[in-house]
Amino acid sequence: MSGRELFPGRPWLTDLLAFVAGLMLPLALAPFHFWWSSIVGLLLLLAVLEAAPLKRALWRWYLLGLGQYSLGASWLYVSVNTHGGASPLLAGFLVFLFVAAISLVVLIQGFIYQRFFAGSILGLIAAFPALWFFKEWSTSWLFTGFPWALVGYGHVQTPLGDLAPFIGVFGIGYLTVFMAAALFASFRRATEKRFIFLIAAALPIVVGLGVQKVRFTEPAADPISVSLIQGNIAQQTKWQRAQINPIIERYLQLSESEWSRDLIVWPEASITLFKDSATQLLSALDQRGKAAGTGLLLGLPSREAGQYFNSAIGLGEGSGDYTKRHLVPFGEYMPMESWLRGIIQFFDLPMSHNRAGASNQPQLMLGDVALGLSICYEIAFPNLVRDQADTAGLLVTISNDTWFGKSVGPHQHMQMAQMRAMENGRYLVRATNNGITAIVNPEGQITGRLPQFEQGVLRGLVVPYQGATPYTRVGDWPLLLGLGLLLMGVRILRRTDSGTVAARQ
């Protein structure tokens with residue numbers, strides 16, 4: 001492949017385009033929903049990389065990451081500034097440090113591509129999308145994981161989204177990048193070959209359309225009536241001791257008319273009392289639920305042997321306890337605690353002393369229906385949700401997105417929940433403190449939601465499902481293995497070709 005700088009003599013302008021390409025990736029996500037934006041951004045990235053020497057190309061990869069996370073994770077500023085007590089300047093600096101650090105993962109991807117695969121059609125079509133898959137997949141576990149602003153989320157409501165039960169969000173991201181690479185290849189080939197690459201670019205859409213009616217799960221019981229309670233408690237006062245009773249009273253009032261329903265769900269940490277200090281309240285709620293034939297699921301903090309946990313409990317017709325397994329770094333536990341504790345209010349938040357729950361926990365139950373529960377940040381991790389989905393009839397997630405304010409964060413978080421429902425072929429209900437509280441069907445469609453920043457009750461019907469999608473059964477392993485072998489094959493072919501050329505010379 002050959003090409004030239006977009007702005008000869010002005011490489012900084014091309015550098016700027018790399019940053020713009022990064023900004024375009026999260027524009028494909030909620031709340032913008034410009035699904036095509038990620039493909040345009042990827043095309044722009046390939047254009048600015050094409051004629052760049054190695055060092056310049058790596059700088060542009062890094063600028064891509066800076067653009068992507070500057071917008072995609074911009075909600076962090078609200079958390080650190082508004083709720084963490086940091087000044088605007090300090091909050092901006094801390095968010096910049098985070099974005100600069102997380103973008104190093106993009107730089108690693110860029111180095112591997114530029115050093116071993118760039119410069120050929122085979123590298124473009126095969127290696128570029130595969131490396132993108134491995135980069136996004138690695139964000140689900142590297143440094144405890146931050147799988148945010150993934151390309152695949154932009155296709156929740158496009159034909160590519162219908163492939164979620166087969167390949168999950170990482171696989172959809174891979175196909176998105178493959179489409180962009182094939183389109184770019186079509187621009188660089190002769191007319192007679194261009195058609196082949198255009199067909200390749202369209203193929204994922206065609207396959208998505210072809211599987212729209214394929215279902216792997218089916219209803220397992222009669223519909224369940226649910227009531228999701230959105231308390232809209234201000235984060236600034238939520239953990240004040242004087243607010244404990246007023247908060248409880250608000251949730252009791254909002255739930256008063258709902259005790260005839262099958263399931264009532266209160267959000268994450270809806271009660272700000274520790275579980276061992278709330279025994280009288282929990283007992284009363286348990287008795288009320290049993291008398292009404294209603295299950296109540298609520299979130300609250302708990303403690304044991306000097307350790308603190310983010311927990312949920314089932315009462316009435318509901319039963320079981322759950323402890324959050326994947327905590328938010330800096331928000332729920334403190335990496336480098338001896339260095340950071342005390343610097344700003346954000347690093348001393350009351351919930352920042354938490355410990356993670358056990359990896360294998362019994363599921364919460366609503367009668368004989370198992371509930372696959374995830375608390376807040378956990379919904380961002382496909383494999384964590386998948387672990388419970390096989391035996392769960394209904395997916396439930398509780399959250400407190402007050403931390404995100406009026407940023408893009410709550411919308412992105414909601415979109416992740418939609419993808420989890422699609423991947424696992426289950427209804428999903430989501431109860432949050434101030435939005436977005438919603439009900440999602442197995443096709444990822446939101447069938448009901450409450451306005452943000454208002455207290456209220458969302459009522460609806462959901463159906464327990466049984467069965468397992470291919471993604472629920474095997475997760476990302478087929479793509480991990482297949483794309484790993486593909487990368488090895490491309491590398492061997494490139495080395496063989498290089499050796500053949502050298503021998504002829």
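The values are calculated or read from the model by the stated rules, or taken from the named source; none is laboratory data. Just so you know, these numbers come straight off a predicted model, no measurement behind them. We place every Cβ from the backbone using ideal geometry, glycine too, and count neighbours over all the protein chains shown. These area figures cover heavy atoms from the full protein model, side chains too; ligands, DNA and RNA do not enter into them. Shrake-Rupley method; radii C 1.70, N 1.55, O 1.52, S 1.80 Å.
For the chain, relative contact order (Cα pairs under 8 Å, six or more residues apart, normalised by length) works out to 16 percent.
Enclosing the Cα atoms of segment 380-423 in their convex hull gives a volume equal to 68 cubic angstrom per residue. Taking trypsin sites (Lys or Arg not before Pro) across segment 427-459, none is in a DSSP loop with at most 14 further Cβ atoms lying within 10 angstrom of its Cβ. When the Cα convex hull of segment 181-288 is projected onto planes of every orientation, the mean area is 13.6 nm². The chymotrypsin sites (Phe, Trp or Tyr not before Pro) of segment 235-295 include none that meets both conditions, a loop assignment by DSSP and at most 12 other Cβ atoms within 10 Å of the site Cβ. Given the pairs LYS275/LYS324; LYS238/LYS324; LYS193/LYS213, which span a C-alpha to C-alpha distance of over 26 angstrom in this model? Where the Cα-Cα span goes over 26 Å, the pairs concerned are LYS193/LYS213.
Kirkwood Rh over Cα pairs of segment 1-56 into Stokes-Einstein at 4 °C, 1.567 mPa s: D in µm²/s? This corresponds to a translational diffusion coefficient of 110 µm²/s.
For segment 15-154, the C-alpha radius of gyration sits at 1.06 times the compact-globule guess of 2.2 N^0.38 Å, with N the residue count.
Annotation: the antiparallel percentage among DSSP beta bridges lying fully within the chain is about 65.
Under a 5 Å amide H cut-off, with hydrogens placed 1.01 Å from N, SER374 pairs with VAL396, THR397, ILE398 among residues at least 5 apart or on other chains. When you filter the chymotrypsin sites (Phe, Trp or Tyr not before Pro) in segment 1-38 for DSSP loop state and at most 16 other Cβ atoms inside 10 Å of their Cβ, you are left with PHE32, PHE34.
Does segment 414-505 classify as rounded, prolate or oblate by the C-alpha gyration tensor (a ≥ b ≥ c root eigenvalues; a/c under 1.5 gives rounded; else a/b over b/c gives prolate, otherwise oblate)? It comes out prolate by the Cα gyration axes. Just to confirm my numbers, what's the Cα centroid distance between segment 378-393 and segment 1-76 in Å? Distance between centres, Cα-based: 33 Å.
When we measure straight from the Cα of LYS406, which aspartates and glutamates land under 17 angstrom away, once same-chain ones fewer than 8 places off are left out? Once the sequence-local aspartates and glutamates are set aside, what remains near LYS406 is GLU454.
Residues in the chain average 42 Å² of solvent-accessible surface per residue, probe 1.4 Å, ligands and nucleic acids excluded. The calculated P(r) of the chain, using every Cα pair and 20 Å bins from 0, goes 23, 52, 22, 3, 0 in percent. Rg then Dmax, both in Å and based on the Cα atoms of segment 135-195: 14.5, 48. I'd like the distance separating the alpha-carbon centroids of segment 93-135 and segment 407-452, in whole Å. Rounded to whole Å, the Cα centres lie 30 Å apart. Cross-link partners for LYS135 among the lysines, with Cα-Cα distance under 21 Å and sequence neighbours closer than 8 places in the same chain left out: LYS55.
On a per residue basis, the convex hull of the C-alpha atoms belonging to segment 237-315 measures out at 85 Å³.
Here the accessible area is traced with a 1.4 Å probe on the protein chains. For the chain, carbon and sulfur cover 62 percent of it.
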